[in-house]
Amino acid sequence: MPRQPMVVGNWKMNGTRAFAVQLTSAIRDGINASTLAGEVLLCPPFPYLELVHGLVQGTAIQIGGQNHADRQNGPCTGEVSASMLRDLGCRAVILGHSERRTLFHESDTLVADKADLALQAGLTPIVCLGETLQQRQEKETLTVIRHQLQPLLPHMANHPQPPDSWILAYEPVWAIGTGQNAQTEQIQEVHAFIRQLLQEEIGSTIASGWRILYGGSVTPGNAADIFSLPDVDGGLIGGASLKADSFLAIIAALSNHR
Ligand code: PGA
């Protein structure tokens with residue numbers, strides 16, 4: 001079965017209520033539903049999820065979270081659970097973004113445990129993987145990716161339902177928010193490596209249905225080239241998802257390509 005491509009807008013910790021309304025409405029009204037060939041997911045900050053959900057209900061756009069707690073509902077002041085995200089209408093959640101790994105010291109194991117909780121709550125985890133510049137320069141990229149994937153594998157084997165149970169995002173840390181996207185050969189190499197590893201560990205039929213997104217300085221200028229790579233199933237977009245014009249152009253690049 002062909003993998004359905006996807007574009008995810010990761011707003012990070014940006015915006016206001018008014019900005020969320022304006023941006024969501026412009027994206028919703030600007031999408032060409034007749035040519036849209038994939039899924040579009042908006043991931044606003046927690047406080048705006050319900051608002052954004054209300055604005056996109058009944059359209060092709062869905063919403064997702066940017067993170068959730070590493071435990072179920074209970075005494076955990078200040079946290080938000082996977083089941084709360086689901087309750088608000090989220091379809092998926094970004095986990096293990098490099099900003100969370102760096103700023104909040106999230107380990108590979110913690111990210112894997114969160115992914116399991118996401119699945120239990122009915123959310124699709126979008127798990128981010130990626131190497132730092134130093135790791136790439138030291139030719140450790142594939143080793144780092146393998147390490148990051150390792151604790152996920154048992155959870156993947158427990159929840160293997162294709163085609164939608166897992167989404168991975170390759171996001172080289174040095175490409176995030178820097179304007180310096182990875183070269184297409186670098187992207188394809190890592191995506192093919194991830195796919196191969198999943199096929200070996202989980203089984204080829206199941207893993208070949210899971211999507212692998214690329215993230216890191218995707219723009220309207222480079223999206224078409226990146227989306228045309230055989231193992232790239234769409235993008236995780238940060239900065240360019242905060243402007244309706246550029247996000248719409250990236251969605252159009254996805255649709256044109258398929
Ligand atoms: P960027 O961010 O598109 O601004 O590089 C991507 C991300 O952090 O997911």
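The values are calculated or read from the model by the stated rules, or taken from the named source; none is laboratory data. Just so it is clear, the structure is predicted and the values come from calculations on it, not from any experiment. Cβ: placed from backbone, ideal geometry, glycine included. Neighbour counts: every protein chain shown. Side chains are part of the model used for accessible areas, which takes the heavy atoms of the whole protein and leaves out ligands, DNA and RNA. Shrake-Rupley method; radii C 1.70, N 1.55, O 1.52, S 1.80 Å.
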Legend entry - Residues of region 207-237 classified as within 11 Å of the ligand (Cβ to nearest atom), touching a residue at least 40 places away in the same chain (Cβ under 8 Å) and closer than 16 Å to I94 by Cβ, total: 7
Legend entry - Where Y170 falls short, out of the listed (1) farther than 22 Å from W11 by Cα; (2) in contact with a strand residue (DSSP E or B) (Cβ under 9 Å, 6 or more places away or on another chain); (3) not acidic (D, E): (1)
Inset, instruction - Within region 1-21, work out how many residues are open to solvent by less than 50 Å² (accessible area, probe 1.4 Å) and within 16 Å of the ligand (Cβ to nearest atom). - result: 8
Inset, instruction - Would you mind stating whether A240 is in a helix (DSSP H, G or I), in contact (Cβ under 8 Å) with a residue 12 or more places away in the chain and not β-branched (V, I, T)? - result: yes
Inset, instruction - Scan region 35-47 residue by residue and report those that are more than 24 Å from V232 (Cβ to Cβ) and either modelled with pLDDT under 95 or open to solvent by 10 Å² or more (accessible area, probe 1.4 Å) (or both). - result: P45, F46, P47
Inset, instruction - Scan region 56-80 residue by residue and report those that are over 17 Å from I126 (Cβ atoms) and buried (at least 18 other Cβ atoms within 10 Å of the Cβ). - result: V56
Legend entry - Which listed residue is farther than 18 Å from R86 by Cα and either touching a residue at least 24 places away in the same chain (Cβ under 8 Å) or of a type in the set (S, T, Y) (or both), from L119, L123, L168: L168
Inset, instruction - Go through region 184-206 residue by residue and tally those that are touching a residue at least 24 places away in the same chain (Cβ under 8 Å) and farther than 16 Å from E131 by Cβ. - result: 8
Legend entry - Residue match in region 241-249 (condition: out of contact with any helix residue (DSSP H, G or I) (no Cβ under 6 Å at 6 or more places or on another chain) and either under 14 Å from V40 (Cβ atoms) or modelled with pLDDT under 95 (or both)): yes
Inset, instruction - Sort out for me the helices (runs of 4 or more DSSP H) sitting completely within region 109-208 that have 2 or more residues that are buried (at least 20 other Cβ atoms within 10 Å of the Cβ). - result: 141-149, 152-158, 184-202
Inset, instruction - Just give me the residues in region 64-73 being in a loop (DSSP other than H, G, I, E, B) and either of a type in the set (F, W, Y) or under 19 Å from Y48 (Cβ atoms) (or both), in sequence order. - result: Q66, N67, H68, A69
Inset, instruction - May I ask you to list the residues in region 74-97 that are in a loop (DSSP other than H, G, I, E, B) and within 16 Å of the ligand (Cβ to nearest atom)? - result: G96, H97
